[in-house]
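Here's the structure, in structure tokens; my notes come after.
We did not get these values from a lab; they are worked out from the coordinates using the rules stated. On a predicted model such as this, the values are computed, not experimentally measured, just so you know. Cβ: placed from backbone, ideal geometry, glycine included. Neighbour counts: every protein chain shown.
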Amino acid sequence: MSTAAAPAPTPEDGQSFRQQLPLRIAQLGSLRVALVLTAIWIVFQSQNDAFLSSFNLTNLVLQIAAVGTISIGIVLILLLGEIDLSVGAVSGLAAAVMAVLNVKHGWGPIPAIAAGLATGAAIGLVNGFFVTRFQIPSFVVTLAGLLAWQGGLLKVLGDTGTVNLSDPTITGLAGTFYGDVVGWVLAAVAIGAYAASGWLERVRRVRAGLAPPSLRNFVIRLAAVAAGTIAAVLVLRADRGIPLAGLILVGLCATGTFVTTRTTFGRYVFAVGGNAEAARRSGIGVTRIRITVFVLASTLAAAGGIMGASRLLAVNQSSGGSDLLLLAIAGPVIAGTSLFGGRGSVWHALLGALVIGSIANGMDLLALASSVKFMITGAVLLIAVVIDAVIKNQRERAGAGR
């Protein structure tokens, strides 16, 4: 019995596969980021045995708490197709407001923290107003803010230049750790919440007459989440315990994910980022959505600044500076949030912070020069942006070809 030979691949087939490779990689989603993170950890562990130690991984969590919190706001901004270059300066100014009110003016820790967050919210309102009212590109408005709020930081700190923090409530944000019981209870809650969320999604789709998501894929994702959560608890409990700063970051990511995926406001954000004019014609208040997102982004930047000050036990003239802005933007982009709007997830803030934080932490352990660190981080960001642009172009061509 004769068998038909399979057709030989043509050069066009190979070229088509190469052209679609970035899109195929992007479709891997969080798995792609996990593979990249695993590769980074393997490389740095091979160069320094202390990289994957419980002590260093706990420090990594503390290091990414501030930048990850800021990145959540960046994700919301990027979903709109906008950018906010002032978040680093805003984080420093808000931390300075909190520190000065607490240390120099005798405010309690809670009112001082609230004042810092309110400072961020007010700045976001200003950014959103100028972007929407005068149709000025967000790049220009927030670049001006980058300069202005740095000046505000210097003004608030005054001649002293540095304000040391000693209030236990403020320093406890980054200095509080929980033991085994709390860790395992939180792990069980997190795994159960993820399982319940996936199951409810299946029930809603079935009731709406839609095909439910793949049960096999859901089980695989649940197993991955459970394994990652249990591993994290085991690693962290071997050192100082479960850090409050990490719990705050995960809680903010979970809240942001719920808002963007389960609420009308979240759907509006994606709609405006995907096509603002179509969203406006469908009755969505585009101006209100944009202003709200800018307020949220600056408030989260303020929260990140307060978290960073808590870890460093001080606020000074360099707070919110250095590479903080670069890291806050690079993380979500590396994890898959599009710079062109309408595509991304709040969890990308956490995943991206882990990737970019691991690179920075590993380079610190290897004692690389600052010049090398900046060049490597910049190259990683450029690669992520190039991939994002290629994916966007391929999606547009695929849509036009239908």
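Residues Ile83, Ile123 in ascending order of nearby Cβ atoms (within 10 Å, fewest first): Ile83, Ile123. Relative to the longest principal axis of the Cα atoms of the chain, the long axis of helix 286-312 lies at roughly 60 degrees. Modelled spin labels at Glu277 and Ala389, positioned 7 Å past Cα toward Cβ, are 2.4 nm from each other.
Taking a point 7 Å out from the Cα of Leu222 in the direction of its Cβ, the residues of the range 159-194 whose backbone N falls within less than 20 Å of it are 185-194. Seen against the Cα atoms of the chain and their longest principal axis, helix 347-365 is set at about 70 degrees. The structure shown yields semi-axes √(5λ) of the Cα gyration tensor in Å, and of the options (i) 32, 24, 23; (ii) 38, 21, 20; (iii) 36, 27, 22 that calculated value carries the label (iii). Counting every other Cβ atom within 10 Å of each residue's Cβ, Leu153, Leu339, Leu215 order from fewest to most as Leu215, Leu339, Leu153. The modelled label-to-label distance for the pair Lys104/Ser54, using points 7 Å beyond Cα in the direction of Cβ, is 4.2 nm. Relative contact order of the range 21-158: 25 percent, from C-alpha pairs under 8 Å at least 6 residues apart in sequence.
Rounded to the nearest 20 debye, the dipole magnitude of the range 266-402 is 640 debye, with +1 charges on Lys and Arg beta carbons, -1 on Asp and Glu beta carbons, and the Cα centre as origin.
Between Arg262 and Val185, the FRET efficiency estimated from the beta carbon spacing at R0 = 35 angstrom works out to 0.90. Dipole of the range 113-209 computed with +1 at Lys/Arg Cβ and -1 at Asp/Glu Cβ about the Cα centre; of Val206, Ile113, Ala196, farthest Cα towards the positive end is Val206. Connecting C-alpha atoms closer than 10 Å in a GNM of the chain, tell me which of Pro212, Pro243, Pro109 has the biggest fluctuation. So, out of Pro212, Pro243, Pro109, the one fluctuating most is Pro212.
Each of Ala208 and Val140 was given a label point 7 Å from its Cα along the Cα-to-Cβ line. The distance between the two points is 4.0 nm.
Going from the residue with the fewest nearby Cβ atoms within 10 Å to the one with the most, Ile42, Ile359 rank Ile42, Ile359. Extension gain, Ala118 to Leu200, is 25.9 nm, computed as 0.36 nm per intervening residue step minus the present C-alpha separation. Taking the helices alone, the chain has a mean residue ellipticity at 222 nm of -26000 deg cm²/dmol, built from -39,500 (n - 2.57) per DSSP H run of at least 4 residues and averaged over all its residues. Calculate how steeply helix 370-400 sits against the longest principal axis of the alpha-carbon atoms of the chain, using the helix alpha-carbon long axis, and give the answer as 0 to 90 degrees to the nearest 10. Taking Cα atoms only, the helix is inclined about 40 degrees.
Comparing mean-square fluctuations of Leu249, Leu76, Leu57 from a GNM of the chain with C-alpha springs under 10 Å, the top value falls on Leu57.
Relative contact order (percent) for the range 257-400, with alpha-carbon contacts under 8 angstrom and 6 or more residues of separation? Averaging sequence separation for qualifying contacts and normalising by length gives 21 percent for the range 257-400.
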